[in-house]
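J.: After the structure tokens below, expect a handful of questions from me.
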Amino acid sequence: MPEAKNDKNKFDKFVNWVNADEDISSREEENIADDDNDNRNDKSRDHFDNDSPSICDRLEPEDFHMGVVDEEFDYSEMFGDDSGRIDQDQAAALAENSARRVVLRKGVRDRFRTTQVFFTLVSVLLTIGIVGVLLLALSQMPQFGDPASPTNNEVYERYVQRGVEDTGATNIVAAIILDYRAFDTLGEAFVLFTALIGVIMLVRTSCGSQFILVERTQPLMLRFMIMLISPFILIYGIYILLNGHLTPGGGFSGGAILGSALSLYAISFGAQKVRTLLSFKTLLISISIALLFYAIVKGYSFVIGASGLSSGIPLGTPGNLFSGGLIVPLNISVGIVVAFTVYGLYALFSEGEV
Amino acid sequence: MLEALRSNYIEATALILFGIGLATLLWEKNLIKKIIGFNIMETSIFLFLTAKGYIAGRGAPIITDGITDVEYYINPLPSAIVLTGIVIAVSITAFMLALCLKIYDIYGTLDMDKITVMDMAERSED
């Protein structure tokens, strides 16, 4: 195994590293021993015992060789020496010794190469075929900007003509996504929430900071500028959020702006500062409450509306800030979900912790 | 056919972008580049939908001065669909990147060929 290859893969093994003082060779032995342990019995987590440090222990910066770019794909290295044919048992033994060293038999190697050539040919043909068929279909479609196009049918006319009357919102897109088709938007917000939960399950460690071990300090100038502009970014995000039913914008765009303001603050001042205000628990509870609020309020309005009753929610004067019935509160709850999800995704990917 | 494509040049661009994204998805070995290809495909579909919603000479679907005449506004439905699509695209991208982190944890590489070979070696042991 070349030394460079080992270096590259230190990242995923640093969990098992013991002491920064020890030299690399002893570390590698430790790693292999731990790997074997894992293979034999996944349940016995010996390296989390008291005498060996846990995953949470901070490593020194020089222990951490992250960000090494994957070099050129070297077939001869990957498939082993071409001259000597290596049998299956040997390959298995080698693969067991080092998870990274993979040696294949000659037959398997040839089959793999044939598959690759076949796959490239098929993908070329597939791409050309699909794009050709799509362009052929496009040439039969109505012209760009044609008012007589069949997409501009009575549904669109109904939304434009009756939208303000029905919902009280002058922004027809907001009226569609938060009033007519509000349950679809609830599903959309749930997809976002589910993605956040999935990322938390995959990335978050119990003690955090798996990927960035060194606390980054940013230059004074950057911190000063972020301090200066982040209030304005927040105000702009809230403006976009609250005016979603009057002008372009709404919960999704305003929430994204708020989330990026939070991320910007976390970049310059460290996530610890944001965490004091917005801990993991607060974040999840806020998102859950916002989603619950959305579901209950819109469910109520849908049930009442379907029964032909008056929901008792005033629509207000179209064009005013407080108009549009439920659209403003729904925009705010969607904004909370999006802002916290965007910030949560940033924090999880950069620190491994919200 | 070419004349029709020239008048529909925005949609044609979207479809070619779709092809570029599909090719990236199929050819690239690196998983991150595959995700980039996937995102190009999504973006091309958004471009296609918004282009289909446009009507020449009309404004954004925001009722101004109480005018509710259809003649003044473009079709708001594709915009609403694109808004949904963007959120779903962000969610899927985030989840795929998290899966990539896990794959890198286990295999030490994001190269599909190397991952395939490692799997084949494991299978040949059995």
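J.: Considering only residues that are facing chain B (nearest Cβ under 9 Å) and buried (at least 24 other Cβ atoms within 10 Å of the Cβ), which ones fall in region A:175-192?
T.: Those that are facing chain B (nearest Cβ under 9 Å) and buried (at least 24 other Cβ atoms within 10 Å of the Cβ): A:Ala175, A:Ile176, A:Ile177, A:Thr185, A:Ala189, A:Leu192.
J.: Right, B:Val70: modelled with pLDDT of 90 or more, in contact with a helix residue (DSSP H, G or I) (Cβ under 7 Å, 6 or more places away or on another chain) and either within 8 Å of another protein chain (Cβ to nearest Cβ) or over 13 Å from A:Tyr156 (Cβ atoms) (or both) or not?
T.: No: the conditions fail for B:Val70.
J.: Which members of region B:104-126 meet the condition of being of a type in the set (Val, Ile, Thr) and either facing chain A (nearest Cβ under 7 Å) or surrounded by 16 or more Cβ atoms within 10 Å (Cβ to Cβ) (or both)?
T.: Residues satisfying the conditions are B:Thr109, B:Ile115, B:Val117.
J.: Which residues, taken from region A:325-348, are closer than 30 Å to A:Gly305 by Cα and out of contact with any Gly (no Cβ under 6 Å at 6 or more places or on another chain)?
T.: Hits for region A:325-348 are A:Leu326, A:Ile327, A:Val328, A:Pro329, A:Leu330, A:Ile332, A:Ser333, A:Ile336, A:Val337.
J.: Considering each of A:Leu125, A:Leu135 in turn, give the residue that is facing chain B (nearest Cβ under 8 Å) and among the aliphatic types (A, V, I, L, M).
T.: A:Leu135
J.: Return yes when B:Thr24 is closer than 26 Å to B:Leu83 by Cα, free of Cβ contacts under 8 Å to residues at least 24 places away in the same chain and of a type in the set (S, T, N, Q) and no when it is not.
T.: yes
Let's see how each residue does on (1) without any contact (Cβ under 8 Å) to a residue 60 or more places away in the chain; (2) among the polar types (S, T, N, Q); (3) not assigned by TED's automatic domain parsing to the domain that holds A:Gly250:
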site	(1), (2), (3)
A:Tyr265	yes, no, no
A:Thr276	yes, yes, no
A:Leu291	no, no, no
A:Tyr294	no, no, no
A:Ser311	yes, yes, no
A:Pro314	yes, no, no
A:Ile332	no, no, no
A:Ile336	no, no, no
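J.: Test A:Ile289 against the criterion of being assigned to a helix (DSSP H, G or I) and on the phi < 0 side of the Ramachandran plot, and give yes or no.
T.: Yes.
J.: Would you check if A:Leu222 is farther than 26 Å from A:Ala295 by Cβ and part of a helix (DSSP H, G or I)?
T.: In short, yes.
J.: Kindly evaluate A:Tyr156 against the criterion of being at pLDDT 85 or above, under 30 Å from B:Asp69 (Cβ atoms) and at the interface with another protein chain (Cβ under 7 Å from one of its Cβ atoms).
T.: yes
J.: So, one more: Pick from A:Ile229, A:Ile304: which is over 25 Å from the mean Cα position of the chain (by Cα), more than 29 Å from A:Asp184 (Cβ to Cβ) and β-branched (Val, Ile, Thr)?
T.: Selected residue: A:Ile229, the only one of A:Ile229, A:Ile304 that is over 25 Å from the mean Cα position of the chain (by Cα), more than 29 Å from A:Asp184 (Cβ to Cβ) and β-branched (Val, Ile, Thr).
J.: Tell me, which residue of region B:26-48 that is under 19 Å from A:Leu135 (Cβ atoms) and hydrophobic (A, V, I, L, M, F, W, C) is modelled with the lowest pLDDT?
T.: The extreme case among them is B:Leu26.
J.: Also: Look at A:Ser123 and say whether it is assigned to a loop (DSSP other than H, G, I, E, B) and either of a type in the set (Gly, Ala, Ser) or under 18 Å from B:Thr50 (Cβ atoms) (or both).
T.: Considered against the rule, which asks whether it is assigned to a loop (DSSP other than H, G, I, E, B) and either of a type in the set (Gly, Ala, Ser) or under 18 Å from B:Thr50 (Cβ atoms) (or both), A:Ser123 comes out as no.
J.: Within region B:3-24, restricting attention to residues that are more than 11 Å from the chain's Cα centre (by Cα) and more than 7 Å from chain A (Cβ to nearest Cβ), which residue is surrounded by the fewest Cβ atoms within 10 Å (Cβ to Cβ)?
T.: For region B:3-24, the residue satisfying everything is B:Glu3.
J.: Suppose we keep only residues that are assigned to a helix (DSSP H, G or I) and β-branched (Val, Ile, Thr) within region A:225-269. Which one would you say is nearest to A:Ala174 (Cα to Cα)?
T.: So, considering only residues that are assigned to a helix (DSSP H, G or I) and β-branched (Val, Ile, Thr), the one nearest to A:Ala174 (Cα to Cα) is A:Ile240.
J.: Right, next: Which of the residues belonging to region A:168-205 are outside any helix (DSSP H, G or I) and in contact (Cβ under 8 Å) with a residue 40 or more places away in the chain?
T.: The answer is A:Gly168, A:Ala169, A:Thr170, A:Asn171, A:Arg204, A:Thr205.
J.: Here is a list: A:Leu242, A:Leu196. Which entry is under 24 Å from A:Gly344 (Cβ atoms), more than 9 Å from every other protein chain (Cβ to nearest Cβ) and aliphatic (A, V, I, L, M)?
T.: A:Leu242
J.: Continuing with this model, one more query. Filter region B:45-61 down to residues that are touching a helix residue (DSSP H, G or I) at 6+ places or on another chain (Cβ under 6 Å) and among the aliphatic types (A, V, I, L, M) and give me whichever is nearest to B:Leu15 (Cα to Cα).
T.: Selected residue: B:Leu47.
J.: If B:Gly37 satisfies all but one of (1) facing chain A (nearest Cβ under 7 Å); (2) touching an Asp or Glu at 6+ places or on another chain (Cβ under 7 Å); (3) of a type in the set (Gly, Ala, Ser), what's the number of the condition it fails?
T.: All conditions pass for B:Gly37, except number (1).
The values are calculated or read from the model by the stated rules, or taken from the named source; none is laboratory data. Owing to the predicted nature of the structure, the values given are computational and were not obtained by experimental measurement. Counting neighbours? That spans all protein chains shown, and the Cβs are built from the backbone with ideal geometry, glycine included.
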